[in-house]
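The values are calculated or read from the model by the stated rules, or taken from the named source; none is laboratory data. Remember, predicted model here, so these are calculated numbers, not experimental data. Positions of Cβ are generated from backbone atoms using ideal geometry, with glycine treated the same way; all protein chains shown enter the neighbour counts. To get the accessible areas, we keep the full protein, side chains included, count just its heavy atoms, and leave off ligands, DNA and RNA. Shrake-Rupley method; radii C 1.70, N 1.55, O 1.52, S 1.80 Å.
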Amino acid sequence: MGTPGRTVEEELARIAGAAHGVVTRAQLLDAGVTARQIARRVRSGSLLREHRGVYRVGHRAPTIEATYLAAVFAAGEGALLSGLAAAHLLGLVKRPAPPPEVTAPNERRIEGVRTHRSRILNARDATVFRGIPVTTVPRTLVDIAVELSADDLARTCHEAGVRYGTTPKSVEAVLARRPSSPGARKLRRVIHGEVRVTLSKLEARCLELLRANGLQLPLTNRPADGRRVDCRWPEHRLTVELDGYRFHNSRYSWEQDRRREREARARGDEFRRYSYGDVMEDPRFMLAELRSLLAPSG
């Protein structure tokens, strides 16, 4: 029941304030708001129906979080935001917000929502982000692999590693529980470096410069000592990392950079790091250094 002495509007504000302005009929009834009071506010427009039994409080345009949470509420107990909608919420894909997509134990048709049924949603595949129940990052990668090209999937995996420390091992753990997932083969090839991909405009431009200057192309985004490296020339014992600032602006990223350099030197490689400016603005120093490092010995 609701808190004694609170008005209906105060109860609405309390519940909606913790849920992006979204409330369910069950929540309102549990808080002591009557069915008649709910109906009156729906008629007046102070409660806006999003889905059956799910409302938005107020007249402001809904945020994407409100839209996604309303879809999760509408799908029922145990539902999770999933697929490309989950990838968007988690910041893994750079594209306009897709329509809501939800995975739930029970099958329901919800207008404007892409729904999937999964009778048993493993607790290890569920988390909460910005107050919204959502599939974990590794589970999200597994779910969206079939919908992305190899290049886009590699960028998404890279983003997952940078933002959340996601590893091939954590993705493989989900694949082991879902061996028949569409896109599993493509995802495995990407996370284990079997697909030649470029993760960013920075890397694409670097390869373009190498080609234009007649320099040998590296292996890109392949595992070395269990960690993916941007560019490697195994026969020249040379590792190169390309730094876009947004991926290296935290102490964690700084520590990871130092570790990558130590690992490269431990496996006997020369190690070089080139910045956005080195590649995109004035590549002369980078090209001269690489020309020297890749020159035939003897």
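I need the Kirkwood Rh of the stretch 90-218: take the reciprocal of the average 1/r across all distinct C-alpha pairs and report it in angstrom. Don't skip to the end; give the middle numbers.
On the way: mean 1/r = 0.0613 Å⁻¹.
Result for the stretch 90-218, one decimal place: 16.3 Å.
Taking all protein chains into account, the per residue accessible area for the stretch 14-70 stands at 54 Å² (1.4 Å probe).
I'd like the orientation of helix 8-17 relative to the chain: the angle between its Cα long axis and the longest Cα principal axis, in ° from 0 to 90, rounded to 10. Around 10 degrees separate the two axes. Remark: the stretch 127-137, residue by residue, has Karplus-estimated 3J(HN,Hα) of 8, 10, 9, 6, x, 10, x, 8, 5, 5, 4 Hz, where x stands for each Gly or Pro and the curve is 6.51 cos²θ - 1.76 cosθ + 1.60 at θ = phi - 60°. Remark: the stretch 25-145 is approximated by an ellipsoid whose semi-axes, taken from the C-alpha gyration tensor as √(5λ), come to 27, 16, 12 Å, largest first. Over the stretch 152-232, the pair-distance histogram of Cα-Cα distances with 5 Å bins from zero comes to 3, 14, 23, 24, 16, 10, 6, 3, 1, 0 percent, rounded to whole numbers. Amide H to amide H, with H built 1.01 Å from N, Glu50 comes under 5 Å of Tyr55, Arg56, counting only residues 5 or more places away or on other chains.
Using the Karplus relation 6.51 cos²θ - 1.76 cosθ + 1.60 with θ = phi - 60°, the per-residue 3J(HN,Hα) values for the stretch 24-40 come to 10, 4, 4, 5, 5, 4, 5, 7, x, 7, 7, 4, 5, 5, 5, 4, 4 Hz, with x marking Gly and Pro.
Under a 5 Å amide H cut-off, with hydrogens placed 1.01 Å from N, Glu270 pairs with Leu238, Thr239 among residues at least 5 apart or on other chains. 3J(HN,Hα) along the stretch 258-273: 5, 5, 4, 5, 4, 5, 4, 5, 5, 8, x, 8, 5, 10, 9, 10 Hz, from the Karplus curve 6.51 cos²θ - 1.76 cosθ + 1.60 with θ = phi - 60°, whole Hz, x for Gly and Pro.
Return one whole number: the accessible area per residue of the stretch 105-215 in Å², for a 1.4 Å probe. Accessible area per residue, the stretch 105-215: 54 Å².
For the chain, the dipole from Cβ point charges (+1 on Lys and Arg, -1 on Asp and Glu) about the Cα centre works out to 740 debye, to the nearest 20.
Here the chain is treated as a sphere whose radius is the Kirkwood value from Cα pairs; by Stokes-Einstein at 37 °C and 0.692 mPa s it diffuses with a coefficient of 149 µm²/s. Counting only protein heavy atoms and a probe of 1.4 Å, the accessible surface of the stretch 1-54 is 51% carbon and sulfur. Per-atom-type breakdown for the stretch 150-243 gives carbon and sulfur 50% of the accessible area (1.4 Å probe, protein chains only).
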